[in-house]
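Each reported figure results from applying straightforward, stated rules to the coordinates on display, with no laboratory input. As the structure is a computational prediction, the values presented were derived from the model and not from experiment. Positions of Cβ are backbone-derived with ideal geometry, glycine not excepted, and every protein chain shown enters the neighbour counts.
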Amino acid sequence: MSDLLIKPRTHDKTYHSLTAEQAGWTYLNFEAKILEAGEQIVGDTGDYEYCFALLGGNFKVEAAGQVWETGNGRKDVFSGIGHAMYLSRRTPFILTAQSPGTDIAICKVLSDEDHPPRMKRPEEAAIEYRGGDNANRQINSLLEPGFGCHKIVCVEVYTPSGNWSSFPAHKHDERKVDAEGNLLEANLEEIYFYKIDKPQGYAIQQVYTEDRSLDEIVRVKNNEAVLVPKGYHPVVAGHGYNVYYLNFLAGSDQSLANTSDPDHDWIYGSWKGTDPRLPIVTAEMNG
């Protein structure tokens, strides 16, 4: 099995728990867990900034003297757009599940900055359709570049059955700026966390560097994750299966600046049409 493929703990309510040390990198720590109605996470962010991404259900967060409730959470990732709750470092909090089987993904990243807590709601998420033809997909920005935080970026991506995604392939493993100091590429670690709309479905992801010192192809199923420490990382959805992945990123900049694989640059602008199956989800589906 690839070292990049992380399988869930099948009989544990915390079905993912990955530290940066375990991943072999610096920034990203990742958890995914199921909470029953009334069940709580009581904690303190300590030296980390947190993003709680709601995959399904509803929750309430009490922190910094304020209370946020999702209210219109989705049944699952194919039934609406996600809420994202951001908490800065040194923040005691109580998160309470308000629905049975509340499904939550959590990212935490070491930080030495302070930012205001905020819940990003589905109706606030910018929706973008990238690519075209059978490389068309939907991107919902949860903690987008420019969001008031230190390092975390969080987006969710929907790829229709049979389509390519994160394509033409791109990388973000070397910080590059131009002569004026404008950021051209950030150095970012990234997690792809997958949900598939049918239990037997799958996606295929490649992670490769230009010199092929890293060159892996992995078959990814529901609730599995892929680590992208470096290199290009395209995805294709298995025919018959709509594929969702949640991306958490962190590194040198709170940015998605990247460099595409020059072998495939010619594809940009070559598309003749768009996929009529998009959007797969909207905020109107929530609740």
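Inside the range 44-74, can you point out the residues that are of a type outside the set (S, T, N, Q), assigned to a loop (DSSP other than H, G, I, E, B) and either crowded, with 16+ Cβ neighbours inside 10 Å or in contact (Cβ under 8 Å) with a residue 40 or more places away in the chain (or both)?
Those that are of a type outside the set (S, T, N, Q), assigned to a loop (DSSP other than H, G, I, E, B) and either crowded, with 16+ Cβ neighbours inside 10 Å or in contact (Cβ under 8 Å) with a residue 40 or more places away in the chain (or both): Gly46, Asp47, Gly57, Ala64, Gly71, Gly73, Arg74.
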Criterion: surrounded by 14 or more Cβ atoms within 10 Å (Cβ to Cβ) and more than 28 Å from Asn286 (Cβ to Cβ) - qualifying residue of Leu95, Leu4: Leu4
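Surrounded by fewer than 21 Cβ atoms within 10 Å (Cβ to Cβ), within 25 Å of Leu227 (Cβ to Cβ) and either touching a helix residue (DSSP H, G or I) at 6+ places or on another chain (Cβ under 8 Å) or not aromatic (Phe, Trp, Tyr) (or both), is that true of Leu184? Even if it seems obvious, please write down each step before you answer.
Working: surrounded by fewer than 21 Cβ atoms within 10 Å (Cβ to Cβ): yes; within 25 Å of Leu227 (Cβ to Cβ): yes; either touching a helix residue (DSSP H, G or I) at 6+ places or on another chain (Cβ under 8 Å) or not aromatic (Phe, Trp, Tyr) (or both): yes.
Here the answer is yes, as Leu184 does meet what is asked.
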If a residue must be part of a strand (DSSP E or B), surrounded by fewer than 23 Cβ atoms within 10 Å (Cβ to Cβ) and not aliphatic (A, V, I, L, M), how many such residues does the range 143-169 contain? 1
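Please enumerate the residues belonging to the range 234-283 that are hydrophobic (A, V, I, L, M, F, W, C) and in a strand (DSSP E or B). Full working, then the answer.
First, pick out the residues of the range 234-283 that are hydrophobic (A, V, I, L, M, F, W, C): 235-237, 243, 246, 248-250, 256-257, 266-267, 271, 278, 280-281, 283.
Val235, Val236, Ala237, Val243, Leu246, Phe248, Leu249, Ala250, listed by residue number.
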Testing Gln200 on (1) under 19 Å from Gln138 (Cβ atoms); (2) in a loop (DSSP other than H, G, I, E, B), one condition comes back false. Which one is that? (1)
Output the residues belonging to the range 217-233 that are among the basic types (Lys, Arg) and either surrounded by 23 or more Cβ atoms within 10 Å (Cβ to Cβ) or in a loop (DSSP other than H, G, I, E, B) (or both). Lys221, Lys230
